[in-house]
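Below is one structure, written out as structure tokens; comments come after it.
The values are calculated or read from the model by the stated rules, or taken from the named source; none is laboratory data. Because the structure is predicted, anything quoted here is derived from the model rather than measured. Neighbour counts run over all protein chains shown; Cβ positions are idealised from the backbone, glycine included. We work out accessible area using only protein heavy atoms, side chains counted, and drop any ligands, DNA or RNA first. Shrake-Rupley method; radii C 1.70, N 1.55, O 1.52, S 1.80 Å.
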Amino acid sequence: MKYHPIDKQLFIKNRNKFMAQMQPKSIAVFNSNDIYPVSADSTMPFNQHRDIFYLSGADQEETILLLFPDAMEEKHREILFVRETNEHIAIWEGAKLTKEQATQVSGIATVYWLSDFDKVFFDLMTEAETIYFNTNEHYRQAVETETREDRFIAKCKKEFPAHSWAKSNPILQNIRGVKEAEEIQLMQQACDITEKGFRRILGFTKPGVWEYEMEAEYLHEFIRNRSKGFAYTPIIASGNNANVLHYVENNQQVRDGDLILMDVGAEYANYSSDMTRTIPANGKFTSRQKEVYNTVLRVKNEATKMLVPGTIWAEYHKEVGKIMTSELLSLGLLDKADVQNEDKNWPAYKKYFMHGTSHHIGLDTHDYGELKTPMKANMVFTVEPGIYIPAEGFGIRIEDDVVIQENGVPFNLMRNIPVEVEEIEELMN
Ligand code: GLY
Ligand code: MN
Ligand code: MN
């Protein structure tokens, strides 16, 4: 792991929050992600499942966490199963967690080898009535792959048909949505690494560079600051590429006069940052580019003010839509008739701003978190309005990550990342 060790108290707190919501006589099981194959013997880099990481800090494949608060033997209330390590594995793959290290990382006293799982699990299931399965209920999920968790659920349903089933996901959505201070600190570190990447780019960018060269500059800066790399596939979109919302080719040459939209964030310790900045290739916005840029910035700042305890996510989106509508009227991109005749299900402003304004962010970039209940302190949201104008050859989005605070003053984790036109121009020149 490139990141510094995390205080195990975080994972102990997280488990206690989860177990406090479990039914009597129930067991919950969480599996690591698989290491996904490419072909032949190549694999994708390992990326831990965020739930087992959140509850244990274990950042290793073939790990299982079992929680059983009512277990008759106290030592079986929390168990971590890790793959057995030995000298051969240490030489070929590098050291894996020993039992002692697994305890140090997670705060879980009982650590068994994975090969003992079936036996221990059968024994504990005879004491239990309910098993919690960790299905994926994220509002944007679209997974075709069978995960390690899916295989476990199928096996368990077959072998223990008389137990009742319960869902871990609603508990996780509830607790992961509200961040602990340690988590906000880790997210601040991710944002600070992103800031370093952005500042590097401001000195690097000029007409004639290629989008992938800019991508490489970010990656260089991220990894040298202990990040594994990008928190999500980066978008480096010059000119009209910015109007393809999920443009990830990053293979075009930047031209004089282009704006470049960069939606790029570093991960740190599995936590995401999610930033968008839009800069002029030649270091100077045209007056039209500046006019639209400052409009997007105003909408971002107004939207941010609404991220306070009690706000309802869907209502917030409607309010941001109203602000954007009024701004697009001022820019002359919409006229009164467009707004009067608009379809309430697809308001006129969506022609220029067709995506959402905010999503939860945390261990996942599009993180878990309740969306239908009022916002709470220590939830973290992105704020990311944009205006996309293919007819004028540019698209602009600005995105920050913001913590909701009890006192009603949102705390911007990206407060130090340059965003004003004058600052960007000065740093580029
Ligand atoms: N970078 C993904 C997003 O902004 O939601
Ligand atoms: Mn983004
Ligand atoms: Mn985002």
Summing -39500 (n - 2.57) over every DSSP H run of at least 4 in the chain, dividing by its residue total and rounding to the nearest 500, the 222 nm mean residue ellipticity is -11000 deg cm²/dmol
If each K or R counts +1 and each D or E counts -1, the residues other than residue 65 whose Cβ falls under 13 Å of its Cβ total -1
Listed residues 319, 87, 384; largest mean-square fluctuation, Gaussian network over the chain with Cα springs below 10 Å, found at 87
Mean Cβ-within-10 Å packing, highest first, puts peptides 196-203, 235-242, 146-153 in the order 235-242, 196-203, 146-153
Helix 181-204 sits off the longest principal axis of the Cα atoms of the chain, rounded to the nearest 10 on a 0 to 90 degree scale, by 40 degrees
Two pseudo-spin positions, 7 Å from Cα along C-beta at residue 35 and at residue 117, lie apart in nanometres by 1.6 nm
On the accessible surface of the chain, probed at 1.4 Å with all protein chains in place, carbon and sulfur together account for a percent value of 52 percent
Computed over the range 38-188, the relative contact order (Cα-Cα under 8 Å, seq sep at least six) in percent reads 17 percent
In a Gaussian network model of the chain with springs linking alpha carbons closer than 10 Å, the residue among 58, 303, 348 that fluctuates most is 348
For the chain, the per residue accessible area (1.4 Å probe, Å²) is 46 Å²
When every protein chain stays in place and a 1.4 Å probe is rolled, 304, 276 sorted by accessible area with the largest first are 304, 276
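Among residues other than residue 247 whose Cβ falls under 10 Å from its Cβ, what is the net charge (Lys/Arg +1, Asp/Glu -1)?
-3
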Dividing the mean separation of Cα pairs under 8 Å (6+ apart) by the residue count of the chain yields a relative contact order in percent of 14 percent
For the range 34-79, the percent of all C-alpha pairs falling in each 5 Å bin, from 0 up to the bin holding the max distance, is 5, 20, 20, 15, 15, 11, 7, 5, 3, 0
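What shape does the range 90-165 have by the C-alpha gyration tensor, where a ≥ b ≥ c are the square roots of the eigenvalues, rounded means a/c under 1.5, and otherwise prolate means a/b greater than b/c and oblate the rest?
oblate
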If one builds a Gaussian network model of the chain from Cα atoms under 10 Å apart, the most fluctuating residue listed among 255, 277, 288 is 288
Between the alpha carbon centres of the range 328-372 and the range 1-69 the gap in Å comes to 35 Å
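State which entries of 206/305; 96/228; 179/284; 228/305 exceed 30 angstrom in Cα-Cα distance in the structure shown.
Values: 206/305 34 Å; 96/228 18 Å; 179/284 39 Å; 228/305 32 Å.
Exceeds cut-off: 206/305; 179/284; 228/305.
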Shape call for the range 318-429, from the Cα gyration tensor axes a ≥ b ≥ c (a/c under 1.5 means rounded, otherwise prolate when a/b beats b/c, else oblate), comes out oblate
Percent antiparallel among DSSP beta bridges confined to the chain, nearest 5, equals 75 percent
Of all lysine pairs in the range 306-376 that are eight or more residues apart or on different chains, those with Cα atoms under 21 Å apart total 15
